[in-house]
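See structure below.
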Amino acid sequence: MEYFSFNDGNRYPALALGTVWIQGKEGLGTIQKALDLGYRAFDTSTNYYNEGMLGQAIRQSPLAREEIFISAKLPGAAHQYDKAIKYLEESLFRMGLDYFDKYLIHWPLPMQDLYVEAWQALIDAQKDGLIKSIGVSNFQPDHLDKLIKETGVTPASNQIERHPYFNNLEVVQANQDRGIVTEAWSPFGRGVLNDVLNNQRVKDLARKYDKQAAQVILNWNYQAGILSNPRADREDHLRANLASFDFKLDPDDIKALNNLDQGEAGRVENQHPDIYEEYV
């Protein structure tokens, strides 16, 4: 497994398993298989309704807790300071953990305009040892600057929508300029909405490198210094995603993937962070 360094001195695997819709007893088997194959990082959220299952898998694993990296997210219903602390604590109780390796504000919800208050809660929770690294998700550059200006603390990472049909390069660059690691959610698009794995150019590159389409996209992110959070539940997909770091895309091929960008039309569900309000 390759790792990225955060601005707080911590490191984090370059590939994490996204766990949305991975639930219950079947989900427990998926996480256990992923751990056996070499996955060390797992991305969850209160909204994924699988914290108990994921915590069970961690507790049953023979690996030391320090070898497993867990990232979770604060939902929009809990941006008020006291609620944020309680939601975070409850997530840890549900998982049976003492701390999260990474904890993110899921969406900025700028119309509520409480994300600085939520960020201060994460800063204090980090000081109390409940979180190793604190970050955000779906934050635009102006949201990032407001956090930094009002608290003096820069997020370690910013998890954003990022795939060849919506490469989000402006936010990727903004993150880089501020020393923030970019994370990609839905790196393959999302199902029937915009499944980039079936794009002919991506498939042509997969043949060129004797790799799978998913591996090409994950490598595209890795070479850009971006942490990927692909969801997978089949063993062959789990194995394939891990084998995405042993080749290097040519600069022209990276440019070809960047050129697949469709701008705002490429977003999987038209969820622009300036207007999307997630209250769950």
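Looking at region 3-264, the DSSP beta bridges with both ends there are about 15 percent antiparallel. Solvent-accessible area assigned to carbon and sulfur over region 170-225 amounts to 45 percent, based on a 1.4 Å probe. Candidate cross-link partners of Lys132 among the aspartates and glutamates, defined by an alpha-carbon separation under 16 Å and a same-chain spacing of 8 or more, comprise Asp8, Asp43, Glu66, Glu67, Glu89, Asp98, Asp101, Asp124. Less than 5 angstrom separates the built amide H of Ile160 from those of Asn138, Glu183, Ala184, Trp185, all sequence-distant by 5 or more or on a different chain. The slack between Arg207 and Tyr3, meaning 0.36 nm per residue of separation minus the straight C-alpha distance, is 70.7 nm. On a per residue basis, region 129-170 carries 31 Å² of accessible surface, using protein heavy atoms and a 1.4 Å probe.
Report the one residue of Met1, Leu130, Val171 whose Cα lies farthest in the direction of the positive end of the charge dipole of the chain (charges on C-beta: Lys and Arg +1, Asp and Glu -1; origin at the Cα centre). Looking along the dipole axis, the top candidate is Met1.
Ignoring the sites themselves, what is the longest stretch of the chain with no chymotrypsin sites (Phe, Trp or Tyr not before Pro) in a DSSP loop and at most 11 other beta-carbon atoms within 10 Å?
Working: sites that count: Trp21, Tyr279.
Counting only loop sites that pass the neighbour cut-off, the longest clear stretch is 22-278.
Under a 5 Å amide H cut-off, with hydrogens placed 1.01 Å from N, Asn50 pairs with Ser45 among residues at least 5 apart or on other chains.
Listed by chain and number, the aspartates and glutamates placed with their C-alpha closer than 18 angstrom to that of Lys211 are Asp195, Glu235, Asp236, Asp246, Asp250, Asp252, Asp253; residues fewer than eight positions away on the same chain are left out. Over all pairs of different C-alpha atoms in the chain, the reciprocal of the mean inverse distance, the Kirkwood hydrodynamic radius, equals 18.9 Å. Each residue of region 169-182 was assigned a 3J(HN,Hα) from its phi angle through the Karplus expression (A = 6.51, B = -1.76, C = 1.60, θ = phi - 60°), giving 5, 4, 6, 4, 5, 4, 4, 4, 4, 9, x, 9, 6, 7 Hz with x at Gly and Pro.
What percentage of the solvent-accessible surface of region 47-133, computed with a 1.4 Å probe over protein heavy atoms, is contributed by carbon and sulfur atoms? Walk me through the intermediate numbers first.
Working: 1800 of 3560 Å².
Its accessible area is 51 percent carbon and sulfur atoms.
Summarising the amide proton neighbourhood of Ala41: residues at separation of 5 or more, or on other chains, whose placed amide H is nearer than 5 Å comprise Leu17, Phe69.
Taking the Cα centre of region 1-100 as reference, the dipole from Cβ charges on Lys and Arg (+1) and Asp and Glu (-1) amounts to some 180 debye.
Looking at the chain as a GNM with Cα springs under 10 Å, which of Gly76, Gly179, Gly18 has the largest mean-square fluctuation? Checking each option, the largest mean-square fluctuation is seen for Gly179. Using Cβ point charges alone (K and R +1, D and E -1), the dipole size of the chain about the Cα centre works out to roughly 660 debye. The residues of region 176-256 expose on average 48 square angstrom of accessible surface per residue, using a 1.4 Å probe on protein heavy atoms. Taking a point 7 Å from the Cα of Phe245 along the Cα-to-Cβ direction, the residues of region 36-63 with backbone N closer than 20 Å to it are 36-44, 63. The charge dipole of region 161-280, taken about the Cα centre with unit charges on the Cβ atoms of Lys, Arg (+1) and Asp, Glu (-1), comes to about 440 debye, rounded to the nearest 20.
Within the listed set Ala84, Ala14, Ala224, the residue fluctuating most in the Gaussian network model of the chain (springs between alpha-carbon atoms under 10 angstrom) is Ala224. Springs between Cα atoms under 10 Å define the GNM used for the chain, and in it the highest mean-square fluctuation of Leu197, Leu242, Leu63 occurs at Leu63.
The values are calculated or read from the model by the stated rules, or taken from the named source; none is laboratory data. As the structure is a computational prediction, the values presented were derived from the model and not from experiment. Heads up, the Cβs are rebuilt from the backbone with ideal geometry, glycines too, and the neighbour counts pull from every protein chain shown. The area values use the complete protein model at the heavy-atom level, side chains included, leaving out ligands, DNA and RNA. Shrake-Rupley method; radii C 1.70, N 1.55, O 1.52, S 1.80 Å.
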